[in-house]
Amino acid sequence: MKATKKETQKSPKSTTATGKKRTGFADEEKAAMRERVEELKAEARRGPGSTDGESDVLAKIAALPQPDRAMAERLHAIVKANAPALSPRTWYKMPAYAKDGKVVCYFQSAQKFKTRYATLGFSDKANLDEGAMWPTVFALEEMSSLEEGKIVALIKKALS
């Protein structure tokens, strides 16, 4: 017996909370991917051993809106003072710090993906392992001396 159109069940479609159908990556995600491709091309043009990373990071930090700019400036100073082995570079157009060309930690502005707080993240190259589960991304709403102390400890542990 052939099913009629009315009897045929359609598969459910993914929707967002507003009822709009998701069709793939968000605009912010697409922009981040394009920015990363631009960075890779620029790195290839500059060649190995280039020191342009810091000027790129400082330019990105200067372009950030407040309060993220102040937090990124302070993070940059903390990394420079406490982890001279890390090289500044951009990663998805955000300030990042690498060892041997591999990103160890990065700052992500709250405005970049329209989130309520900025984040300090660590890649799998960071030695933050504690048992079978540990945090790798930390929310930042402000940078008091308490947070700065925690960041210094995290960065030192990441490089241990």
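The values are calculated or read from the model by the stated rules, or taken from the named source; none is laboratory data. Just so it is clear, the structure is predicted and the values come from calculations on it, not from any experiment. No Cβ is skipped: glycine too gets one built from the backbone with ideal geometry, and neighbour counts run over all protein chains shown.
Pick from Ala98, Ala77, Ala32: which is modelled with pLDDT of 95 or more and either under 23 Å from Glu141 (Cβ atoms) or of a type in the set (Ser, Thr, Tyr) (or both)?
From the options Ala98, Ala77, Ala32, the qualifying one is Ala77.
Between a residue in segment 69-81 that is of a type in the set (Val, Ile, Thr) and any residue that is assigned to a helix (DSSP H, G or I) and surrounded by fewer than 18 Cβ atoms within 10 Å (Cβ to Cβ), which pairs come within a Cβ distance under 7 Å, given they are 6 or more apart or on different chains?
Ile78/Glu148; Ile78/Val152
Please enumerate the residues belonging to segment 100-153 that are assigned to a strand (DSSP E or B), aromatic (Phe, Trp, Tyr) and surrounded by fewer than 18 Cβ atoms within 10 Å (Cβ to Cβ).
Looking only at segment 100-153, we keep the residues that are assigned to a strand (DSSP E or B), and these are 102-108, 118-122, 137-140.
When the remaining residues are screened for being aromatic (Phe, Trp, Tyr), the result is 106-107, 122, 138.
Of everything in segment 100-153, just one residue is assigned to a strand (DSSP E or B), aromatic (Phe, Trp, Tyr) and surrounded by fewer than 18 Cβ atoms within 10 Å (Cβ to Cβ), namely Phe138.
Got at least one residue in segment 37-60 being outside any loop (DSSP other than H, G, I, E, B), closer than 30 Å to Pro84 by Cα and modelled with pLDDT under 65?
Within segment 37-60, one or more residues are outside any loop (DSSP other than H, G, I, E, B), closer than 30 Å to Pro84 by Cα and modelled with pLDDT under 65.
Looking at the structure I just gave you, is Ala96 within 12 Å of the chain's Cα centre (by Cα), crowded, with 18+ Cβ neighbours inside 10 Å, among the aliphatic types (A, V, I, L, M) and within 15 Å of Glu54 (Cβ to Cβ)?
yes
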